[in-house]
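Only one structure is covered here, and it is reproduced in the block below.
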């Protein structure tokens, strides 16, 4: 096993995914703003209150959903409202604030102020990808300690499916102690169900020297719900089961069955500079080693500096009341770095 894990998600995708199979579609979508301006281009998506429109002359323009008066596109989209209802087809938003979604001669309507997401159904593979890469470096002179953190994620969204890869690694060097390594990698698949519900499967690999863990691999699944989804906030919860195998730094190996309880909360603003806050908490009560409890959590705050580049502050913590190999029960830290999204 490599002693220097580096996230390489983007490289993996670049060599494993085929080129875009569909040519770029015509930029004929019409967007009228409340101030009277008219824009023509290709609607990429609506996410977190921002409509992305790719134009010929202005590249990609980010428009606040609340500033839009009307929209017209003959291409097919998935439109989702705040209660999880999904609509598929060509879109027409009139000045009365009602969006019509038309497919095979059938029209369904949804109030514009309840729409929280739109995504292209005619997009190529590369157009379905979103992601981020971040880098942080910290140095403490008093302890002669340096810490390097590299993380990335990339996801692909289709009509009812989402696949996401995450990876992060933190390497800490201190003059009077051995180097410590922490890394996490996960592959997550979601399938949207009726309303706010979704099914989920995930596989993970982890290492944490501080907790005495050389390697933990796991696979699991469960059900989740988007309890709150708006153009300002998100609240997601889920329940499931997971099986894992652990290799401790003292040479012992164990198999475990755990429950999984997860919660995610996010708040975002989209006036420049964009500012996002998010919190993730996952609780793992052991079902095979009764009384053992694990907890993973993190807090993120980021603020846009220039277009798609952010200054990012992160706090993370991992807790295990019975760590493998007799390591520490808690590992936590802060990082301050920069990130780029695409």
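The values are calculated or read from the model by the stated rules, or taken from the named source; none is laboratory data. Nothing here was measured: the structure is a model prediction, and the numbers come from that model. Positions of Cβ are backbone-derived with ideal geometry, glycine not excepted, and every protein chain shown enters the neighbour counts.
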Has the range 193-204 got at least one residue that is closer than 27 Å to residue 237 by Cβ, out of contact with any strand residue (DSSP E or B) (no Cβ under 8 Å at 6 or more places or on another chain) and assigned to a loop (DSSP other than H, G, I, E, B)?
yes
Scope the range 41-52; condition within 14 Å of residue 117 (Cα to Cα) and in contact (Cβ under 8 Å) with a residue 12 or more places away in the chain; matching residues:
43, 44, 45, 46, 47, 48, 49, 50, 51
Counted residues in the range 34-63 being more than 21 Å from the chain's Cα centre (by Cα), under 24 Å from residue 229 (Cα atoms) and surrounded by fewer than 19 Cβ atoms within 10 Å (Cβ to Cβ) come to 1
Looking at residue 133 and the list (1) farther than 30 Å from residue 339 by Cα; (2) modelled with pLDDT of 90 or more, which single condition is not satisfied?
(1)
With more than 28 Å from residue 313 (Cβ to Cβ) and surrounded by 14 or more Cβ atoms within 10 Å (Cβ to Cβ) as the only criterion, which of 181, 196 stands out?
196
Of all residues in the range 318-335, which are more than 19 Å from the chain's Cα centre (by Cα) and assigned to a strand (DSSP E or B)?
318, 319, 320, 330, 331, 332, 333, 334
For residue 142, work out the one condition from (1) at pLDDT 90 or above; (2) out of contact with any strand residue (DSSP E or B) (no Cβ under 9 Å at 6 or more places or on another chain) it doesn't fulfil.
(1)
Failed criterion for residue 79 (all others in (1) buried (at least 17 other Cβ atoms within 10 Å of the Cβ); (2) at pLDDT below 95; (3) within 28 Å of residue 152 (Cα to Cα) hold)
(2)
Considering only the range 296-317, I want to know if a residue exists there that is over 17 Å from the mean Cα position of the chain (by Cα), touching a residue at least 40 places away in the same chain (Cβ under 8 Å) and not in a loop (DSSP other than H, G, I, E, B).
no
When you check residue 190 against the structure, is it within 15 Å of the chain's Cα centre (by Cα) and either farther than 23 Å from residue 341 by Cα or crowded, with 19+ Cβ neighbours inside 10 Å (or both), yes or no?
yes
